[in-house]
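A.B. asks: Below you'll find the structure I mean.
The values are calculated or read from the model by the stated rules, or taken from the named source; none is laboratory data. For clarity, every value in this text was computed on a predicted model and none was experimentally measured. For neighbour counting, all protein chains shown are included, and Cβ atoms are generated from backbone atoms with ideal geometry for every residue, glycine included. Heavy atoms of the whole protein, side chains included, go into the accessibility calculation; ligands, DNA and RNA do not. Shrake-Rupley method; radii C 1.70, N 1.55, O 1.52, S 1.80 Å.
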Amino acid sequence: MSSSPVSLFASLGSDIRIAARGLRRNAGFAWAAVLTLGLAVGGMTAMLTVANAVLFRPLPFPDPDRLVSLCESHPQVAGFCVASTPNVSDWGRASHSLAAVGAARDWPMTLTQEGRNAAVRGGLATEGTFRALGVSPALGRLLEPGDHQAGNRRVALVSHALWVTRLGGASGIVGRTIRLEDSAYTVVGVLPAGFDVPLLEGVEVWTPPQFDPAADDQRDWRGFQVFARLAPGVSLASATAELESIQAGLADLHPAADRGWGVEIHPLRDRVVGQVRPALLAFLGATVLAVLIACLNVATLLLARWSSRGREIAVRAALGGGRGAIVRLLLLESLLLALAGSILGLLIGPWATRAFLALAPQNIPRLDQVVIDPAVFGAALLIGVAVPVLAGVAPALRSTSLNLAGSLRAASGDGRPGRELLRRGLVVIELGLAVVLLVGAGLLGRSFLNLLGWSPGFERQHLVTVWTLLPPARFPRAEDVRGTYRAIREEVSAVPGVDGVGQVSAGPLFGGSASPLFGGRETDGFRDSKRPAAEPLPARWYDAGPDYFKTLGTPILRGRGITAADVTGAPAVAVVNEAFARRMWPGEDPIGHRITAVESGGDPMEVVGLLADIPPFGAREPAEAEVYWPFEQQTRWASYLVIRVTDQPERVGKLVAERLAERFPDLQLSRTRTLPELVQARLVSPRFSLLLISAFAGIAVLIAGIGVFGVVNFLVTRRRREIGIRMALGADLGQVLRGVMREGIGLALYGSLLGLAGAIGVGRLIASMLAGVSPVDPVTLVLVPVGLASVAAVAAFLPALRAARTDPLVVLRAE
């Protein structure tokens, strides 16, 4: 007669209570398994959450897989991914592959309200940008083709945040006039809340360019990001082929501006996350390795526990326990462990995610979109439940085939060679995976030490920087800009505590990221004027004011720097660094040579100074070729001020900002920052990478150490009789200690050999994150196995000590 549902539930409840009591009796084993599973599930939840939001989730636009980014490319210019608006206009007119294409860039602006000026983050965009992204306005309309015509360009499209915080949030904003750059602009629309143009996040107000974006005189100004949407049914490959043909035709029509320039198409999501993809994939890989180690450790713990329960299971069978009841009991124990570990992991997961977001560098895109996804929770929970249950299936099934008589006579456990080899093999794999993580952490650690030791060749503790902008609408003439900056330098020099003031468009560390147009590190090709047919040398160029090199402290090795006499109308001059001189005139004195900028044009410049190289921060490559020319001869509206102070850089920097705000109310300023602050800002990403990988490596080593302890402890228990006999025959304490610890160290050495092959691959994966360290750094590859052997020795010491304290008389009497 079949059992009723009530009796089945009662039987199941009884089995659950028995399984729980069994785990309580072995609390150490249970806590080790639950904690291991909890850390694995929690870490997996956090990293899958972040990776899903940043790398895998589609961009928040309609049909995002058809969004692409277009770039002009040149064989002499690496990492260049912008374009000129006339070329973009021609691509749009001639292409059948693009449903929409537009250009955009950031552009600092001043918003005037009630007579007070406030800096806002502005942007210039053609109407195709918003059509390509498929956005709909919250109010009003977007930019339209007619807005680019002369007389119609004073219109503005504002962000939802600017509308709410500075424009009152009134529904009647459309059609109202606001003052930007001292000119009246009509608000035509409000963008939806949360909308950002990718790669240009944070822009508060968009306007059409105040020039004709199709005009040929703008063709050599490659300063815009390009957004496009592929037409239905068009592949990336076919669009690329068409645009390459169009670009080749433009090179024939406009050789002065377009010769040598090609075109590239990239999926927009790749452009958005491309720089952080290697790091996040490395972190995700580290998580996977840690989870594998945890899974192996749980399996090892379950196998060891089952091996020590042979007599218990035999007694249950001898007392009438059926096969199904025994299998059910063992699987219930595994399931209880799985549930407890998964619950702990799901509690750890949100906390770990918040910790990641709090520590993560701000250059990781889309972090604001990170939310716990139920699918991620489900995947982590599945792993947490599946691992111990699957690990317990084989022992549970094999437990019913025990030889009852033999098991009842056995003193303890199952020491058959095959099962002992399986346990050792699992621990060796754990240790091998731990080696992979340790090598990754070691490489990042050595890289971080190299960054900490960066020496630019000048004293940096007493330097302060501040980015400045004179709004072009208020300072339309170049002579006004030059005169105002001369007055700015004089005012800053008069601030107490200031020892020198320099001016430059960019430089070490600060790099011009605040505004690529005004303060960016521009690239150009340079030719020796005596050899106009030679291949141009690509180099970074900067405009610098008088006393910049003196203030910074960079040595002039030959000739002179830029002086106050290098003004408009004086002979055009330039200062080059050692890297430029080595590549342009190997073995020659550069002083007196004349160079010409291919793209920027202008008169040939006489090289009057040779500057010492400034080592790139964090780069493994040698110093880049650099050219500096006088600000007075190549005037722009924005510059960095580099200020050397005698004491207390933070205090003096604050005084400088106050003085400039008081004397030059139209001047836009960034926050003053000391050079040590800038160094620390550049260290955020590598420090975060090091901490994260080290955390995973530490967890892996801890879990692997537990595995070594468990295996060695089991071996000591199984060999208790053998050890007692050896000691009875004269073996001393040291011999027993060495013999047992040799087991743990041997496991570590086998694991190291297994892990080093994978570690070499990991080094190549994170090569882009390393500074001055080879992906196969021999020091790291030697120290990691030594360190792991030390951990294994410590893990084996307690079982070894217990074995060494074995009383041979007690053991032999028990036998």
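A.B. asks: Would you confirm whether any residue within the range 178-196 is free of Cβ contacts under 8 Å to residues at least 60 places away in the same chain, within 33 Å of the chain's Cα centre (by Cα) and open to solvent by less than 30 Å² (accessible area, probe 1.4 Å)?
C.D. replies: Looking for residues that are free of Cβ contacts under 8 Å to residues at least 60 places away in the same chain, within 33 Å of the chain's Cα centre (by Cα) and open to solvent by less than 30 Å² (accessible area, probe 1.4 Å), one finds at least one in the range 178-196, hence yes.
A.B. asks: Turning to a different aspect of this structure: Filter the range 759-773 down to the residues that are under 20 Å from residue 617 (Cα atoms) and of a type in the set (A, V, I, L, M) and list them by number.
C.D. replies: Across the range 759-773, the qualifying residues are 766, 767, 769, 770, 771, 773.
A.B. asks: With respect to the numbered conditions (1) open to solvent by less than 10 Å² (accessible area, probe 1.4 Å); (2) in contact with a strand residue (DSSP E or B) (Cβ under 8 Å, 6 or more places away or on another chain); (3) of a type in the set (S, T, N, Q); (4) at pLDDT below 85, which one is the sole condition not fulfilled by residue 87?
C.D. replies: Of the numbered conditions (1) open to solvent by less than 10 Å² (accessible area, probe 1.4 Å); (2) in contact with a strand residue (DSSP E or B) (Cβ under 8 Å, 6 or more places away or on another chain); (3) of a type in the set (S, T, N, Q); (4) at pLDDT below 85, the odd one out for residue 87 is (4).
A.B. asks: Can you find a residue in the range 247-262 that is of a type outside the set (S, T, N, Q), outside any loop (DSSP other than H, G, I, E, B), open to solvent by 60 Å² or more (accessible area, probe 1.4 Å) and modelled with pLDDT of 90 or more?
C.D. replies: The answer is yes; a qualifying residue exists.
A.B. asks: Here's a follow-up. State which residue is surrounded by the most Cβ atoms within 10 Å (Cβ to Cβ) when the search covers only the range 585-614 and only residues that are modelled with pLDDT of 90 or more and of a type in the set (D, E, K, R).
C.D. replies: Ranking the candidates gives 613 first.
A.B. asks: Suppose the filter is modelled with pLDDT of 90 or more and on the phi < 0 side of the Ramachandran plot; does residue 617 pass it?
C.D. replies: In short, no.
A.B. asks: While we're here: Looking for whichever is at pLDDT below 85, among the small types (Gly, Ala, Ser) and farther than 30 Å from residue 201 by Cβ here; the options are 455, 515. Which one fits?
C.D. replies: None of the other options fit; the residue is 455.
A.B. asks: When you scan the range 641-746 for helices (runs of 4 or more DSSP H) that lie fully inside it, which ones turn up with 1 or more residues that are at pLDDT below 75 and within 23 Å of residue 298 (Cβ to Cβ)?
C.D. replies: 675-718
A.B. asks: Of all residues in the range 445-466, count the ones that are at positive phi and surrounded by 20 or more Cβ atoms within 10 Å (Cβ to Cβ).
C.D. replies: Adding up the residues that qualify gives 0.
A.B. asks: Quick check on my filter: what residues within the range 24-46 are hydrophobic (A, V, I, L, M, F, W, C), open to solvent by less than 60 Å² (accessible area, probe 1.4 Å) and out of contact with any Phe, Trp or Tyr (no Cβ under 6 Å at 6 or more places or on another chain)?
C.D. replies: Across the range 24-46, the qualifying residues are 27, 29, 30, 32, 33, 34, 37, 39, 40, 41, 44.
A.B. asks: Here is a further query. Residues 62, 75: which one is modelled with pLDDT under 85, out of contact with any Asp or Glu (no Cβ under 9 Å at 6 or more places or on another chain) and surrounded by fewer than 19 Cβ atoms within 10 Å (Cβ to Cβ)?
C.D. replies: 75
A.B. asks: Considering each residue of the range 47-59, count those that are of a type in the set (A, V, I, L, M) and surrounded by fewer than 22 Cβ atoms within 10 Å (Cβ to Cβ), and give that number.
C.D. replies: Of the residues in the range 47-59, 5 are of a type in the set (A, V, I, L, M) and surrounded by fewer than 22 Cβ atoms within 10 Å (Cβ to Cβ).
A.B. asks: Also, quick follow-up: Could you please give the count of residues in the range 556-612 that are assigned to a strand (DSSP E or B) and of a type in the set (Val, Ile, Thr)?
C.D. replies: 8
A.B. asks: Can you name the condition, by its number, that residue 280 falls short on among (1) out of contact with any Ser or Thr (no Cβ under 8 Å at 6 or more places or on another chain); (2) at pLDDT below 80; (3) open to solvent by 10 Å² or more (accessible area, probe 1.4 Å)?
C.D. replies: Here residue 280 clears every test but (3).
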